[in-house]
Amino acid sequence: SGSDSDDEESASGGGDRRIAGRGNGDNHYNYNHQGRPRSYQNRQNRDLYYDEANERTSLLPPSGISSQEGERGSGSLDYRPRTADAPVGKDGRTDGRHSSRYLAEQWGQEPTERWDNREVAVVGRKNRVERSRRKKKKTDRRRKLSSNTEDSDYSSDGSYYSSDTSSSSDHDYRRWAKKRAKMFHKERTKLIAQWKEEARAEAELARKQQEANRWHKRLGRWMEQEFTSITDSTMKFFATVETFICNLPLTIGAVALATVTLGVVWFKFAEENLDSCEPVHFHSSQCTFPEFPGCFYCDTSETMYKVAVNFHFGCSAFAGVLSMAFVAKCLLAWRVVLDEMSSPTMASPAGLLCMTTVCVFAGRGWIGQLLVSVAAMLHLGMVCWFIYMALAYHIMPEPSWFPNTVGVGLSAVKTWLYYPMPGHFLMAISLSLNFFFFPISLIRVYLNNKISAPVCWIQMSAPAISLYALTIMAQPSFEEEHPDVTRFQKVHRMVYLPCMHGLFALAVVGFLSSVQSLYARWDSFKKKEFSPAHAAFCFPTLAHANAIQAYRAAVDAFSDIKPGTPLKIALYVYWVVILVGGTIVTIWISLKFFYMLPSWTLVDVADEEEPPAPNETTLKDVISTGETLRQPFVSPAVLQANETGALIYIPRGPDGRGRYVRTRRLPALGFEPTMNWSEMNAERDVLLDWVAKNPPRRRKKTLSVPGIDFSYGFGESIGTGNTGVYNLEAGHDRAWSMGGHVDVRDRRSMYDPSYY
């Protein structure tokens, strides 16, 4: 048994040398003459030895990498890696051809002795034979032991005994150690390959950075970044401009008309007060601006005259830009324009843009003739459409009607300059509507406090436009240039001035009505925030001043009243007061209007529940209730406009497409300031109570409520029936949108402002 243990220790020692000798020569172990470590003689310390050996070998470089590389012929052995085709024995050793002596002979060197070489050159062949003999003896002993005992025996004292337990455990342990060493070797190889790859990547990155840091590369990157930044800013700017134009309020026409009128009245004021200007007859060949009331022949080289005429041209140019902006809105967002034209409340300021166009471009050559003709025809069509809507909604005349109806008289006088007969036709329509609508509007404004203050202020515009137009179109011929007057011309001269006196009286009554209505509604109106509806205070005042100037010119030309009389002095003072007051109001409101305009056009509706379409409001069944001369409720058309809001354009998203949504986050709807929820609830309750007590009569033949059916381009079901792009599921959940009839008295409980 002692010899067996020695043989096993010798075999294990050989295995230990193989494990410890796989690396370079820096790991120094002390071996005895049998190749066995002196510090691990007994079996109890063998495990510690294997752990230390494997731990040291885990730090060695992988096979093929030598830590002592040197030049050939340097005197030290140049180690080469064991090739893949080297034969390996059963004990894990190579044959003699790959021993240190064989390698030394191949490289022309003397054989040297190394303590950690796989083959010890000093022992030589004798030791190999001796190891083979010991191994053979050991194998024979194991075979005998296995034949004598199959599984296990017990000793005499009853303890368990296995003859081959010790030797088999040593063999398994050595196999496990070799496997772990191979595993560590593979892991080291993988890590080294990874390190090399990372090093190559870092080197390549450094090279690219060095290449990118060259001046021409930096210049190219800077130019690309600047170009991208400029392109993004430009696209963002154009998107903002598009949204700004698409959401322009129609009341911008009031500011445009007030601006062009401001240039006219101050130009006539300068002509009347300059010494270099002499008054001439309207039909005289010396009249420089026949489209304006009161003609003068002036010295155009005088400085003040140049200032006045340039101010007039500047105001006209600015007003022309505003009118062309509305044309751009019609081209870019025609769906918004159609939606605005489907409500009498929203469409009330539309005629002002036609009036501005004819005032700006009249007398500007063939382009002006074309634009004036087109604007006049559009205004005539607007008259017909607005009257149709008024009949469909069963509403009565009020001052907000005048821009779309009586205002056609301003288009008539400009058309008359090119085409006399169409001009007279339009003028006849304007006078007829004025004499029919103005008295009713006077009574309703005085008796009905539910009409808003901006709408009531427009009262003075209807007679002012008629007076201004008739002073030009109805002016008799110049007797000095045409002495052969006919009987009709004599009668014309007789009735002309009395007609002007009558229209001037109507203009004064309209002005007093506007002032009285504003005074009566001031307490409620002053609480309203500034909105596009405030533009209604601009153009009526200056239109009234322009009408007074036209009347004064007619009195000076055809009246026998001497200059300096109290009547003419009163007229002059009245004209100057209205002119100065209207100018101050127009400048202040216009500046604030344009300051607030971006907030009215770029509306944030991200967190707003979209209001219903006009045909799905709670008032759709009572919209035909109509109005009376004196009524305790707000017009159903106004309440419906407040409930449905306005259709606006939302900027283009990542998909490059814009969309249309409804919103109540606009401070005004036409000339009507937007009501808050409490005001809307209160007025709605008053209307429903009045309808419950006074149900409308059943009419067999009625006009349908105007509605525009088209698709917004976002699907088959979204946008049809003028429904907008709100949530369809939420809309179907509402009881009043299911198509069934609901009693008017029950709608009050169904209306919840927080729902929107």
(request) Say whether the condition of being at pLDDT 85 or above, within 23 Å of ALA545 (Cα to Cα) and either open to solvent by 10 Å² or more (accessible area, probe 1.4 Å) or in contact with a His (Cβ under 6 Å, 6 or more places away or on another chain) (or both) is met by at least one residue in the stretch 471-491. (result) no
(request) Report whether or not SER343 is modelled with pLDDT under 90 and part of a loop (DSSP other than H, G, I, E, B). (result) yes
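Just to be sure, is LEU506 within 28 Å of ALA347 (Cβ to Cβ), part of a helix (DSSP H, G or I), open to solvent by 50 Å² or more (accessible area, probe 1.4 Å) and modelled with pLDDT of 85 or more?
yes
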(request) Considering (1) at pLDDT below 90; (2) polar (S, T, N, Q); (3) under 30 Å from VAL603 (Cα atoms); (4) open to solvent by less than 20 Å² (accessible area, probe 1.4 Å), say which one THR234 fails and leave the rest. (result) (4)
(message) open to solvent by 20 Å² or more (accessible area, probe 1.4 Å), within 23 Å of SER342 (Cα to Cα) and not polar (S, T, N, Q): is that true of LYS592 in this structure?
(response) no
(message) Restricting to the stretch 380-426, and then to whatever is of a type in the set (Val, Ile, Thr) and part of a helix (DSSP H, G or I), can you tell me which residue is most open to solvent (accessible area, probe 1.4 Å)?
(response) ILE387
(request) Give just the number: which of (1) farther than 25 Å from PRO249 by Cα; (2) buried (at least 23 other Cβ atoms within 10 Å of the Cβ); (3) among the β-branched types (Val, Ile, Thr); (4) within 38 Å of the chain's Cα centre (by Cα) does ILE548 not satisfy? (result) (4)
(message) Which of the numbered conditions does THR601 fail, given that it passes all the others? Conditions: (1) within 29 Å of the chain's Cα centre (by Cα); (2) in contact (Cβ under 8 Å) with a residue 24 or more places away in the chain; (3) open to solvent by 50 Å² or more (accessible area, probe 1.4 Å).
(response) (3)
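The values are calculated or read from the model by the stated rules, or taken from the named source; none is laboratory data. What you are looking at is a predicted structure, and each value in this text was computed from that prediction instead of being measured. Note that each Cβ is placed from the backbone with ideal geometry, even for glycine, and that neighbours are counted across all protein chains shown. Side chains included, ligands, DNA and RNA excluded: accessible areas come from the protein's heavy atoms. Shrake-Rupley method; radii C 1.70, N 1.55, O 1.52, S 1.80 Å.
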